[in-house]
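To start, the structure under review is shown below, and the notes come after it.
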Amino acid sequence: MTDRRTELAENLARVEERIAAACAAAGRAREDVTLIVVTKTYPASDVRILAELGVRHVAENRDQDAAPKAAACADLDLTWHFVGQLQTNKVRSVAGYAQVVQSVDRLKLVSALSTAAVRAGRELDCLLQVALDAEAGERGERGGVAPEGVEELAAAVDDAPGLRLRGLMTVAPLAGPYAGRQRAAFERLMEFSSHLRVNRPAANMVSAGMSADLEDAVAAGATHVRIGTAVLGVRPRLG
Ligand SMILES: *Cc1c(COP(=O)(O)O)cnc(C)c1O
């Protein structure tokens with residue numbers, strides 16, 4: 001094994017242990033939580049190693065980096081998730097490789113994604129990104145729709161050809177009433193998820209939790225955790 005392969009295998013094993021322990025502590029089955037490895041800023045060669053080590057879900061947050069990486073890894077059995085703030089002029093590219101867009105946060109993006117999905121002949125899975133700290137009518141600092149806007153956005157995705165509403169995503173807020181209270185933030189997201197599922201049982205994905213707070217997310221009920229640093233190492237730059 002190369003050094004990098006050994007490093008990634010060890011890191012993955014540690015993350016796997018953390019997820020398993022968090023599931024056990026919460027009385028949840030391990031298979032109820034899906035690991036998504038966030039490979040942003042890391043090369044396609046790392047994605048390839050991760051796939052060989054059994055990773056099936058990867059995520060990226062910038063189309064400029066993700067598009068060539070996904071193309072270089074097109075032979076691998078991977079599901080690509082897009083988790084970054086998404087401009088409408090990038091939507092067509094993203095719809096070419098991503099199966100899941102987790103950062104749907106405004107009506108204009110819904111119509112752009114729908115057009116791109118139909119044009120590509122694909123069905124895109126969509127998660128609404130909820131900014132728990134955003135005021136009504138505004139978007140979060142790191143993207144996301146304010147809680148008050150969730151229902152309107154959900155209805156738009158319901159009606160959009162080529163899109164399937166699959167659930168909700170959040171990033172724990174750094175400021176506002178939830179700053180430093182990841183568990184409370186993720187529990188709030190679960191409440192929104194419960195509301196959403198009343199009329200949309202298939203929208204059952206809850207994407208929450210990153211390297212620092214995956215235990216809080218699993219305890220709250222997350223179905224998907226997005227882990228970057230703990231698997232790949234500290235990123236050389238913000239991304
Ligand atoms: C970078 C990123 C992650 C992973 O964060 P880590 O702290 O490196 O695990 C998760 N979600 C989103 C939206 C990200 O941009």
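Considering ARG122, ARG92, which residue is in a helix (DSSP H, G or I) and among the basic types (Lys, Arg)? I'd like the intermediate steps shown before the answer.
On the way: ARG122 fails: in a helix (DSSP H, G or I).
The conditions single out ARG92.
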* To do: Take the residues in region 92-121 that are in contact with a Ser or Thr (Cβ under 8 Å, 6 or more places away or on another chain) and not polar (S, T, N, Q), then tell me which one is surrounded by the fewest Cβ atoms within 10 Å (Cβ to Cβ).
  => LYS108
* Asked: If we keep just the residues of region 136-161 that are of a type in the set (A, V, I, L, M, F, W, C) and within 25 Å of ILE36 (Cα to Cα), which is surrounded by the most Cβ atoms within 10 Å (Cβ to Cβ)?
  -> VAL145
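What do you reckon, is VAL101 within 14 Å of the ligand (Cβ to nearest atom), over 23 Å from VAL157 (Cβ atoms) and within 16 Å of the chain's Cα centre (by Cα)?
Judged against the criteria, VAL101 is not a match.
Return yes when GLY54 is in a loop (DSSP other than H, G, I, E, B) and crowded, with 20+ Cβ neighbours inside 10 Å and no when it is not. Even if it seems obvious, please write down each step before you answer.
Details: in a loop (DSSP other than H, G, I, E, B): yes; crowded, with 20+ Cβ neighbours inside 10 Å: no.
It is false that GLY54 is in a loop (DSSP other than H, G, I, E, B) and crowded, with 20+ Cβ neighbours inside 10 Å.
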* Would you check which residues across region 221-232 are near the ligand (Cβ under 9 Å from one of its atoms) and assigned to a loop (DSSP other than H, G, I, E, B) and list them? => GLY228
* To do: Give region 192-220 a look and list any residue that's within 8 Å of the ligand (Cβ to nearest atom) and β-branched (Val, Ile, Thr), or say none.
  => none
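When you check VAL218 against the structure, is it crowded, with 23+ Cβ neighbours inside 10 Å, at negative phi, assigned to a strand (DSSP E or B) and among the aliphatic types (A, V, I, L, M), yes or no? Spell out the reasoning first.
Working: crowded, with 23+ Cβ neighbours inside 10 Å: yes; at negative phi: yes; assigned to a strand (DSSP E or B): no; among the aliphatic types (A, V, I, L, M): yes.
Judged against the criteria, VAL218 is not a match.
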* Residue by residue through region 24-41, note down the ones that are in a helix (DSSP H, G or I) and in contact (Cβ under 8 Å) with a residue 24 or more places away in the chain. => ALA25, ALA26, ASP32
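Only one of LEU8, LEU76 is touching a residue at least 24 places away in the same chain (Cβ under 8 Å) and more than 14 Å from VAL231 (Cα to Cα). Can you tell me which?
Working: LEU8 fails: more than 14 Å from VAL231 (Cα to Cα).
Answer to the check: LEU76.
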* To do: Kindly indicate whether ALA66 is within 16 Å of the ligand (Cβ to nearest atom), surrounded by fewer than 23 Cβ atoms within 10 Å (Cβ to Cβ), under 25 Å from THR223 (Cα atoms) and at pLDDT 95 or above.
  => no
* To do: Taking the residues in region 126-174 that are on the phi > 0 side of the Ramachandran plot and part of a loop (DSSP other than H, G, I, E, B) as candidates, determine which candidate is nearest to the chain's Cα centre (by Cα).
  => GLY144
* Structure fact -> Those residues of region 162-207 which are surrounded by 15 or more Cβ atoms within 10 Å (Cβ to Cβ) and in contact with a Lys or Arg (Cβ under 7 Å, 6 or more places away or on another chain) amount to GLY162, LEU165, VAL171, ALA203, MET205, SER207
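When the residues of region 221-239 are filtered to those that are more than 20 Å from ARG166 (Cβ to Cβ) and of a type in the set (Lys, Arg), which remaining residue is surrounded by the fewest Cβ atoms within 10 Å (Cβ to Cβ)?
Start the filter on region 221-239 by keeping residues that are more than 20 Å from ARG166 (Cβ to Cβ), which leaves 228-239.
Checking which are of a type in the set (Lys, Arg) leaves us with 235, 237.
Values: ARG235: 13, ARG237: 5.
Applying the filter and picking the extreme gives ARG237.
The values are calculated or read from the model by the stated rules, or taken from the named source; none is laboratory data. Fair warning: this is a prediction, and the values are worked out from it, not measured in the lab. Note that each Cβ is placed from the backbone with ideal geometry, even for glycine, and that neighbours are counted across all protein chains shown.
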